[in-house]
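Have a look at the structure below before the remarks.
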Amino acid sequence: MTRTAFRPGTWRQGVATFSGVLPVSIVLNLVLAPFLSGLLPRAAVVVVDAAILVAALNWLVLPAIQWATNGWATRPRRGGEADARSRPGSTNGLT
């Protein structure tokens, strides 16, 4: 099994992620947290918030941002070199 070097995300991926995390986090803290805080301990509220945040980002928000920006955050880097995850034969850096 071969290993590939870890490559951190680009600044554009960071901007796209932040633009998705912030509004979802605000909504969860304003709407859901006050409701759950009367029912569950604080640690459980944080776990529920985190689970909803991750699910919303993974399956709703980030795909919508990707679509709305026409893939801006995942475009190849300068010089025509594509990100390792988009190269033919790549294993997504998981091997």
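A few notes on this one:
- Nonlocal amide H pairs with residue 4, under 5 Å, H built at 1.01 Å: 95
- Distance between the 7 Å Cα→Cβ label points at residue 48 and residue 33: 1.4 nm.
All of the numbers you see were taken from the coordinates with simple rules; none came from a lab. Quantities reported herein were computed from a predicted structural model and do not represent experimental measurements. Neighbour counts are summed over all protein chains in view; Cβ atoms, including those assigned to glycine, are modelled from backbone coordinates with ideal geometry.
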